[in-house]
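Take a look at the structure set out below.
The values are calculated or read from the model by the stated rules, or taken from the named source; none is laboratory data. Only a predicted model underlies this, so the values are computations on that prediction, with no experimental measurement involved. Cβ placement follows ideal geometry from the backbone for every residue including glycine, while neighbour counts extend to all protein chains displayed.
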Amino acid sequence: MAPEIKSVIKPGPKAEPASTPAPPEDPSQTEETTLVSALSLLHQMHQKLALLRESIPHMVQPIMKASTYPTPEKLFDEFSKRTLKASEDLVEFSSLVSDGKWVFDKAASSRRDTAAEGGKVPRWKSSAPVPHYLKEIVEGTDGGVRDKEAKRKEEEEKERKRLEAERDKERELEIVEVKEVESEDIRRAIIEEFKREHSDLEVTFEEDGRVLKVAIPKPVNLAFSIEIPQATAESNRYIVTLPTTSYLHVLILRSITTRPNAGSLKYLLDMIATYKTIYKTKCNKCNKLTQGPKADLPVVRRLKRTAKLVQKESKEDSGGNQEGDKMDTTGDNKPVKGTNDAKTKIKKEGKGISENQKPKEENDGADDGAEVELVQEFWVTYHEGCTA
């Protein structure tokens, strides 16, 4: 029997579907997509960097507020968590910068290409507020918000205001220190003047004029003893003693003992006179009467001498014409002095200015409208803890 022959049909070549050619890519669209991706990546870097600037204060906050945690274990646990979070943020930022290296390479390449063509890369201006740590960089560039002329005018205005403030500012002058033993005539004149100005104080000599007693009556009730240095003494210092019956007396005596200008009797007597109002004189620094649980009153007294430049009023501004002196019509024909003839007075706290320390505005030869120097002397009061 003849074998059956099976017909084998070989498959022909498979028909390939007709493929349409892909449209060419738009270079501008590709460039835009790349720039958008780069900007997004830079924005993420900026946000991460801003968070890293606060990582250390955030990390050490538990240590700064350690008293608020109930146990040391809680404090350590919170500090460990914040430290771990700061470490993770740093690793994430480093990874982000490493992945975005192509952005900086592209920017550098663009600058090189533009510079080769003689152009300049324009700086992108954002409407978002500039961070405080970038303000100096942005304002220092040519594309800053303010141009050079506006900045120069602003600096000139600041300098003008600074000079005006410096002119109006009081500057402290040095108190002349007495370095030699004062003569008996000088001491006598100082004591007589002190008695006239402070008639409510009892001032007497004891032990043949070697000890001067100054007593402040009640409610202060202080009795100071001042040892007068002799002409042959090695030191010109006036030694003061005071019965220390209370903590307040100790503070007062310590303040007087450590006073500056210890060889000046006038400085010492004026300082003692300031203690008449010790129970109502507040501290010049903290503006408080008492400080602490004890009777810690402001006992430290210091004399200050300041000078200030002021503008002298001109006669025209003050209305100084013929109306300055008006005639009296009562019949005695005596001139009535107007306000222009009144001399300028200086307000002071405490002791006034001596004759040889008169301000310069009393100089009749000074020009009207000129700047004159106003000198003032006044006593300041502090707690011992407020002198530092």
Suppose we filter Ser110, Ser95 for residues that are surrounded by fewer than 12 Cβ atoms within 10 Å (Cβ to Cβ) and modelled with pLDDT under 85; which single one remains? Ser110
Considering only residues that are at pLDDT 85 or above and among the polar types (S, T, N, Q), which ones fall in the stretch 285-305? Asn287, Thr290
Among residues of the stretch 150-183 being surrounded by 11 or more Cβ atoms within 10 Å (Cβ to Cβ) and acidic (Asp, Glu), the residue nearest to Tyr267 (Cα to Cα) is Glu177
If you check Glu206 against the conditions, is it modelled with pLDDT of 85 or more, over 25 Å from Leu251 (Cβ atoms) and in the same structural domain as Val250 (by TED's automatic domain parsing)? yes
Tell me, please, whether a residue that is more than 39 Å from the chain's Cα centre (by Cα) and closer than 21 Å to Glu177 by Cα can be found in the stretch 214-227. yes
Give the residues of the stretch 227-256 that are hydrophobic (A, V, I, L, M, F, W, C) and crowded, with 19+ Cβ neighbours inside 10 Å, sorted by residue number. Val240, Leu251, Ile252, Ile256
All conditions in (1) more than 48 Å from the chain's Cα centre (by Cα); (2) at pLDDT 85 or above are true of Ile56 except (1)
For the stretch 195-203, state whether one or more residues are assigned by TED's automatic domain parsing to the domain that holds Thr281, under 30 Å from Leu309 (Cβ atoms) and of a type in the set (D, E, K, R). yes
So which residues in the stretch 227-241 are of a type in the set (A, V, I, L, M, F, W, C) and touching a strand residue (DSSP E or B) at 6+ places or on another chain (Cβ under 9 Å)? Ile228, Ile239, Val240
How about the stretch 192-293: which strands (runs of 3 or more DSSP E) wholly inside it have at least 2 residues that are touching an Asp or Glu at 6+ places or on another chain (Cβ under 7 Å) and on the phi > 0 side of the Ramachandran plot? none
